Amino acid sequence: MGEQQSTSSEQPPPPPPPQPKSISPYGPARSTVQGAPLTKEEVEQYNDFFKASLYLSLGMIYLRSNPLLTTPLDKSHFKARLLGHFGSAPGQIFTYMHFNRLIKKYDLDAIFISGPGHGAPAVLSQAYLEGTYSEVYPECSEDEEGLRKFFKQFSFPGGIGSHATPETPGSLHEGGELGYSISHAFGAVFDNPDLIAVTMVGDGEAETGPLATSWHSTKFLNPITDGAVLPILHLNGYKINNPTILARISHDELESLFRGYGYQPYFVEGDDVESMHQAMAATLEHCVLEIRKFQQQARTTGKAFRPMWPVVILRSPKGWTGPRKINGGLDYLEGYWRSHQVPLTDVHKNPEQFALLESWMRSYEPERLFIANGGRISSSLRQALCPTGNRRMSANPVANGGMLQKPLRMPDFRDYALGVDHPAETLSASMSNMARFLRDIISLNPNNFRLFGPDETESNKLGTVYEVAQKVWMGEYFPEDLNRGNLATEGRVMEMLSEHTCEGWLEGYLLSGRHGLLNSYEPFIHVIDSMVNQHCKWLEKSLEVSWRHPIPSLNILLTAVVWRQDHNGFTHQDPGFLDVVANKSPEVVRIYLPPDGNCLLSVTDHCLRSRNYVNVIVADKQPHLQFLSMADAIVHCTKGIGIWPGFSSCPAGSAPDVVMASCGDISTQESLAAISLLLDHFPALKIRCVNVVDLFKLISHEEHPHGLTNAEYEAIFTGDKPVVFNFHSYPWLVYRLIHGRKNAGGVVVRGYKEKGNIDTPLELAIRNGTDRFSLAMEAIDRLSEAGGVLEGRGGEARELLRNEQVRCQMRAFEEGVDPVEVTGWVWPSERRGLWSERKH
């Protein structure tokens with residue numbers, strides 16, 4: 001049979017599927033944006049600048065002398081201990097120097113944020129080549145001796161750290177702990193309409209939770225009132241010893257990821273330096289023009305919108321331009337995890353590595369780029385590629401925000417005073433009242449103050465601020481949002497259910513010279529323990545840097561406190577953030593627990609006016625008894641600790657039988673109720689009432705600037721009388737603070753002891769021994785041990801108090817609520833005389 005002929009109905013075979021795009025960091029440049037904007041001469045200039053920068057980066061890691069290799073390299077020229085990170089430096093340098101071209105061309109206001117801040121050689125090299133470093137640190141001059149000092153100080157005792165620390169000109173983000181670069185960048189550009197934050201995101205950093213949530217920050221960026229963030233995701237492929245996730249997924253998946261986040265991704269990939277110069281130059285320029293187009297459209301029309309903001313995905317080898325292999329060709333270096341930190345670790349003892357390092361460093365031509373110009377790069381190269389003055393990213397005052405900060409315009413907090421006719425008899429909502437104060441601060445500072453919080457501003461009773469400012473929302477809107485949704489494209493309240501992102505925004509806002517406050521539920525502030533820790537370290541180190549100007553304080557308001565989380569249960573009961581803060585440097589941390597609304601106003605005013613602190617304010621959001629008039633509150637808060645004569649039964653000039661102390665609003669109320677119970681049973685008992693607002697008053701003045709001297713401490717707490725201290729948080733913190741004080745062993749501290757459930761407020765207090773009955777019984781026990789004072793009547797009184805406590809517990813278990821005599825307790829009117837007679 002002959003061959004069967006095909007019919008006209010048959011279809012041609014389908015084309016082969018498209019080949020997946022390469023995810024290798026090697027090869028000629030591959031980029032989304034095409035173009036060759038650089039002349040041949042400019043490419044040569046960028047090659048030279050790149051080489052000079054890379055030489056400086058290696059020099060910082062290895063050399064303590066012979067900085068320009070004017071003599072053959074010798075082991076004596078090395079630092080004895082090699083520290084630092086090289087792997088991310090080439091990509092960061094590459095980005096930084098190419099953005100400089102656009103700063104010069106378009107007169108941009110820009111800062112550089114190094115997410116992988118442990119790659120500090122990258123940003124330090126740029127500050128040195130731009131001339132900023134020698135201006136700030138004249139001893140690191142632009143000559144051979146200055147360069148020797150510049151190299152030696154890096155990661156060296158008495159020198160500077162290996163991150164983009166506060167000593168680094170142009171840095172407002174250290175990058176030691178990963179995850180916060182994007183949120184810091186957005187914080188810096190809020191209310192900075194002309195600023196672009198060029199933000200390098202390491203692909204290891206991109207795996208952290210805080211970084212992942214911060215990509216959503218564009219949903220809060222208004223192109224009319226705010227600047228822009230240009231993220232550069234640097235896929236160099238490896239962390240310390242592992243591949244990175246985003247470097248090992250397909251192009252399509254990576255592109256879909258960022259489109260889903262709301263960005264337009266632009267790829268620049270490869271290792272061929274000359275073609276990469278052209279690709280990066282074209283791509284960054286395209287992104288800048290996109291940003292300016294979006295901003296112009298919004299600002300011309302007056303209609304804010306959320307565009308697909310650009311993100312650059314730079315894929316280049318880790319340790320780019322280094323040796324591809326080492327150790328006789330057995331081990332990969334460039335393009336592999338070995339280049340992450342010190343790339344050649346055995347140069348002191350391994351002749352092959354020694355020779356390879358010298359060859360590698362000389363490949364960057366220090367003799368041509370530095371020696372020929374007296375130890376610095378040529379003036380023509382600097383003039384061609386570097387901006388001048390404050391347009392240099394290493395000299396931008398935004399990164400030294402204290403230079404730009406303007407004092408808040410503050411209303412007089414006294415105008416918001418709560419009336420207190422009879423102390424501990426008036427019930428008022430301290431937090432709702434303070435919200436009126438915040439409302440007017442926002443009104444007076446429409447471009448200089450923002451309120452941050454994770455979806456809790458209304459819940460925390462601060463909703464009054466919505467009378468003058470809404471929540472920023474650049475997402476879609478539904479009709480029901482008009483029903484008190486309080487959303488607007490221009491607002492002053494920043495809410496996202498990510499404590500990490502809110503804290504990062506606030507830190508960036510403060511570091512660039514503005515003011516703000518973070519409000520949060522007390523139990524969940526632990527989510528940002530480590531972030532606050534890092535900010536404390538930044539502030540402390542900044543105090544040692546003479547050119548760093550003080551910045552507005554980081555103010556954290558904690559509410560929905562442990563003692564009113566009875567309804568939410570055990571998971572919501574944790575006051576331990578105070579322990580975290582108390583561990584930080586006494587130069588930068590302050591903790592305040594105002595007992596009532598007028599004290600809350602006084603403390604908030606003080607904190608918002610302060611500089612270079614982390615201030616933590618703890619106050620409940622529910623209505624509570626009010627204790628002090630505004631005049632008395634100001635005096636009490638100014639002192640930070642004091643005797644309350646009006647609640648004391650100890651005659652002036654005489655020693656008390658017992659001291660009943662408290663710290664925290666709810667803890668204070670229970671302590672006063674305990675005093676009243678004790679006086680019911682022992683009318684002649686001499687009780688001294690003490691209240692603490694400033695927690696650090698308890699510690700020695702030798703350990704904290706707010707601490708009391710021993711004489712001051714004993715004047716309040718005595719040196720030999722029993723003290724029952726009711727504390728808001730974990731009791732161990734107070735024991736730690738008073739360690740070494742006279743009679744420290746006579747102090748019994750009651751506080752939260754990890755005993756919780758779905759309780760009533762009183763039952764939760766009873767579980768932890770902080771209720772009025774437990775406090776009164778503790779005082780009786782201590783007085784009974786002392787002998788004589790109670791005249792043998794302590795046992796009977798104790799039994800009656802215990803019976804009443806059990807009755808209240810049974811009521812809670814049966815009815816689900818506390819007895820009205822507990823919830824409605826006020827200071828007995830028959831004891832008002834104590835106040836009027838003794839408060840003066």
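Summary table below
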{"read-out": "Size of the range 570-628 as Cα extents on the principal axes (Å, biggest first)", "value": "34, 34, 14"}
{"read-out": "Positive-end residue, the range 64-213 charge dipole about Cα centroid, Cβ charges, pick of Ser125, Phe186, Leu68", "value": "Leu68"}
{"read-out": "Proximal aspartates and glutamates relative to Lys721, as straight alpha-carbon distance under 15 Å, when same-chain residues fewer than 8 apart are discounted", "value": "Asp657, Glu778, Asp781, Glu785"}
{"read-out": "20 Å tail of the calculated P(r), the range 128-199, as % of Cα pairs", "value": "42 percent"}
{"read-out": "Of all DSSP beta bridges in the chain, antiparallel share, percent nearest 5", "value": "20 percent"}
{"read-out": "Nearest-20 debye value, the range 524-611 charge dipole, Cβ charges on Lys, Arg, Asp, Glu", "value": "340 debye"}
{"read-out": "Candidate lysines - alpha carbon under 27 Å from Lys79, same-chain residues fewer than 8 apart omitted", "value": "Lys51, Lys149, Lys152, Lys239, Lys318, Lys325, Lys349, Lys537, Lys541"}
{"read-out": "Inter-probe distance in nm under a simple model that places probes 7 Å from Cα toward Cβ, at Asp74 and Glu145", "value": "2.0 nm"}
{"read-out": "Vicinal HN-Hα couplings computed from phi for the range 411-416 (Karplus, 6.51 cos²θ - 1.76 cosθ + 1.60; Hz; Gly/Pro x)", "value": "x, 7, 4, 5, 5, 10"}
{"read-out": "Furthest towards positive pole of dipole, Gln278, His515, Pro14, structure part the chain, Cβ charges", "value": "Gln278"}
{"read-out": "The range 163-219, Cα convex hull volume normalised per residue, Å³", "value": "82 Å³"}
{"read-out": "Proximal lysines relative to Lys461, as straight alpha-carbon distance under 21 Å, when same-chain residues fewer than 8 apart are discounted", "value": "Lys471, Lys621"}
{"read-out": "Directionally averaged shadow of the range 523-643, computed from the convex hull of its alpha-carbon atoms, nm²", "value": "8.4 nm²"}
{"read-out": "Whole-number Å³ per residue for the convex hull built on Cα positions in the chain", "value": "242 Å³"}
{"read-out": "HN-Hα J in Hz across the range 122-133 - Karplus 6.51, -1.76, 1.60, θ = phi - 60°, x for Gly and Pro", "value": "5, 6, 5, 5, 6, 4, 6, 5, 6, x, 5, 4"}
{"read-out": "Cα-based Rg and Dmax for the range 451-490, where Dmax is the largest Cα-Cα distance (Å)", "value": "10.1, 26"}
{"read-out": "Cα→Cβ-extended label distance, 7 Å offset, between Asn583 and Thr571, nm", "value": "2.5 nm"}
{"read-out": "For the range 714-816, the spread of Cα positions along each principal axis, largest first, Å", "value": "45, 34, 16"}
{"read-out": "Descending principal axes extents, the range 573-729, alpha-carbon based, whole Å", "value": "48, 37, 33"}
{"read-out": "Histogram of C-alpha separations across the range 233-378, 10 Å bin width, %", "value": "10, 26, 28, 20, 12, 4, 1"}
{"read-out": "Rounded percent of accessible protein surface that carbon and sulfur make up, the chain, 1.4 Å probe", "value": "51 percent"}
{"read-out": "Selection from Ala395, Ala424, Pro407, by position along the positive dipole direction of the range 372-472 (Cβ)", "value": "Ala395"}
{"read-out": "The range 719-763 - Kirkwood radius from inverse mean 1/r over Cα pairs (Å)", "value": "11.8 Å"}
{"read-out": "The range 595-647, dipole about Cα centre (Lys/Arg Cβ +1, Asp/Glu Cβ -1), debye to the nearest 20", "value": "200 debye"}
{"read-out": "Gained length - Lys325 relative to Leu444, 0.36 nm times residue gap less alpha-carbon distance", "value": "36.7 nm"}
{"read-out": "Accessible surface, per residue, of the chain when the full set of protein chains is kept, probe 1.4 Å, Å²", "value": "38 Å²"}
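The values are calculated or read from the model by the stated rules, or taken from the named source; none is laboratory data. Since this is a predicted model, take the numbers as computed values, not measurements. Positions of Cβ are backbone-derived with ideal geometry, glycine not excepted, and every protein chain shown enters the neighbour counts. With ligands, DNA and RNA removed, areas are computed over all heavy atoms of the protein, side chains included. Shrake-Rupley method; radii C 1.70, N 1.55, O 1.52, S 1.80 Å.
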